[in-house]
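Q: One structure is given below, represented as structure tokens, and several questions about it will come after.
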């Protein structure tokens, strides 16, 4: 299945991040230099504007699986568009079946 990938530099200029978006509604975020992969689905994802950028928040009932990462406003817009395109792609796949 088609998975879109983008590479971003975080606003703090110390880290870079890879974001993977799947048409099934999944997101994976890998922060360069960290062993952990942040995973989630679109239904629990939110964007919150802050002074330092846009906080991409994944919140669940479990604090262990919740996470957030601050992106530049431009990068947050790109991620949002990637999510919308993934939703559209999924709808096309389901309609064609």
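Taken together, the values in this text are just the output of simple stated rules run on the coordinates, not laboratory data. Keep in mind that this is a model prediction, so the values were computed, not measured. Don't worry about glycine lacking a Cβ; one is built from the backbone with ideal geometry, like all the others, and counts go over all protein chains shown.
Q: Averaged over every viewing direction, what's the projected area of the C-alpha convex hull for segment 41-97? Give it in nm², one decimal, please.
A: Reported value for the Cα convex hull: 4.7 nm².
Q: Here is a further query. Suppose we take every Cα in the chain and form the convex hull; what volume per residue is that in Å³?
A: Measuring per residue, one finds 102 Å³ for the Cα hull of the chain.
Q: Still on this structure: Using a Förster radius of 35 Å, what is the FRET efficiency between residue 52 and residue 92 based on their Cβ-Cβ separation? Nearest 0.05, please.
A: 0.45
Q: Also, quick follow-up: For the pair residue 20 and residue 2, how long in nm is the line joining their label points, each one 7 Å along Cα→Cβ?
A: According to this spin-label approximation, the distance is 1.8 nm.
Q: Can you compute the FRET efficiency between residue 44 and residue 13 using 1/(1 + (r/R0)^6), with r the Cβ-Cβ distance and R0 = 22 Å? Round to the nearest 0.05.
A: On the way: r = 28 Å, r/R0 = 1.28.
That gives a FRET efficiency of 0.20.
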